[in-house]
Amino acid sequence: PAIGSGAFPMGLLLEIFTAKQTIHSFTHGDLTSFEPATVKLNIIQNSIYGVDIEKGAVDIARLRFWLSLIVDEEKPKALPNLDYKIVVGNSLVSKLGDDIIDIDWTLDETSHGLFGADLAKQKGDLLKKISKEQKEFFNPDSDKKKLAADIRKLKIDLLITQLELMISTKGIETKPNGIGKKLAEQTELYLQTIGWKNSIKDLQKLKNKPELPLHFFDWKLDFPEVMNEQVKTNVGFDIVIGN
């Protein structure tokens, strides 16, 4: 799935907008109290998400959505920040630098007793906070610099926590010995564990250098209010557009 330059999601925005306009006309008898720009703003904030590997495509898609708001405004208004709505990233694999980090969000922390239950709650709280602050960031009057730094730190902390959990529950930290298929499987997991540890080191470096950008996209981390089971019960998008 990729947003490309935003042509199809723009079409979807207009479909939802037309449906809302028609319903308003039926329920109120006319469109005198209908506010097109406000309706579009709500649709963009609550219903439209996008990701593309090409920064240029993301820039054009954001511009299209801004222009769709401008045409309905009688007076110029500050435009929403779309940094966490339409994002640059690889939608197929989650990469940090050259390394793929396949985050296992299905791990059951509660099976680790009281500590695990606390960890599960902590993760859920972090994801909700990320979602809340990304929603705040959408507001043009928000403190962008502070919120962006806070969101970045929250995501790094959450990734480190998840990787540490993966190491402790699934990883092999000592070099395996044996024969045959079992050795091959254990060796693969051992090398994967080393990769997870290296990713934690890279994330720690990023955490210590806040001026460096976090180039990492994960559906369940970046759009938790839609995709992550720890925030939402019925996860997933209603419509997915492949570009």
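So how strong a dipole does the chain carry about its Cα centre when Lys and Arg Cβ are +1 and Asp and Glu Cβ are -1, to the nearest 20 debye? Provide the component values of the computation, followed by the final result.
Values: 32 positive and 35 negative charges, 109 e Å.
Its charge dipole is roughly 520 debye.
Charged neighbours of Lys232, selected by a Cβ distance under 12 Å, balance to 0 (K, R count +1; D, E count -1).
Would you kindly work out the equivalent ellipsoid of the range 73-183 from its C-alpha gyration tensor and give its semi-axes, the square roots of five times the eigenvalues, largest first in whole Å?
Details: eigenvalues 286, 67, 22 Å².
Over the Cα atoms of the range 73-183, the semi-axes work out to 38, 18, 10 Å.
What would the Debye equation give as log₁₀ I(q)/I(0) for the range 1-144 at q = 0.09 Å⁻¹, counting only Cα atoms as equal point scatterers? Relative scattering, expressed as log10 I(q)/I(0), comes to -0.41.
Roughly how far apart, in whole Å, are the Cα centres of the range 203-242 and the range 145-165? Each part reduced to its Cα centre gives a spacing of 10 Å. Looking at the chain as a GNM with Cα springs under 10 Å, which of Val226, Val51, Val71 has the largest mean-square fluctuation? Checking each option, the largest mean-square fluctuation is seen for Val71.
In straight-distance terms, cross-link reach from Lys123 covers every one of the lysines whose alpha-carbon lies under 16 Å from its own, apart from those fewer than eight places away in the same chain; here that gives Lys132, Lys153, Lys155, Lys220, Lys232. Excluding same-chain neighbours fewer than eight residues apart, the aspartates and glutamates reachable from Lys144 by a Cα-Cα span under 15 Å are Asp83, Glu133, Glu136, Glu211.
Of (1) 56, 40, 35; (2) 76, 36, 33; (3) 55, 55, 48, which is the value of Cα extents along the principal axes in Å derived from the coordinates here? Correct label is (2). For the range 1-124, build the charge dipole from Cβ charges (+1 Lys, Arg; -1 Asp, Glu) around the Cα centre, then report which of Gly97, Ser5, Gln122 sits farthest towards its positive end. Result: Ser5, furthest along the dipole toward the positive end. Legend: P(r) of the range 127-174 from all alpha carbon pair distances, 10 Å bins from 0, whole percents, reading 25, 37, 21, 13, 4, 0. Spatially close Lys pairs in the range 1-120, defined by Cα atoms under 22 Å apart and a spacing of eight or more places or different chains, total 9.
Using a probe radius of 1.4 angstrom, the carbon and sulfur fraction of the accessible surface of the range 43-176 is 54%.
Farthest toward the positive end of the dipole of the range 77-210, out of Ser142, Ile172, Ile200, is the Cα of Ser142, where the dipole comes from beta carbon charges about the Cα centre.
Under 21 Å between alpha carbons, and skipping anything fewer than 8 positions from Lys175 in its own chain: which lysines qualify? Of all the lysines, those that pass the test against Lys175 - Cα under 21 Å, at least 8 places apart if same chain - are Lys197, Lys201.
Pairs of alpha-carbon atoms within less than 8 angstrom and 6+ residues apart define the contacts here; what relative contact order does the chain have, in percent? Walk me through the intermediate numbers first.
Details: 257 pairs, mean separation 54.2, N = 243.
It comes to 22 percent, rounded to a whole number.
The values are calculated or read from the model by the stated rules, or taken from the named source; none is laboratory data. Quick caveat: nothing in here was measured; it's all calculated off a predicted structure. Glycine also receives a Cβ, built like all others from the backbone with ideal geometry; neighbour counts cover every protein chain displayed. Keep in mind that these areas ignore ligands, DNA and RNA; they rest on the heavy atoms of the full protein, side chains included. Shrake-Rupley method; radii C 1.70, N 1.55, O 1.52, S 1.80 Å.
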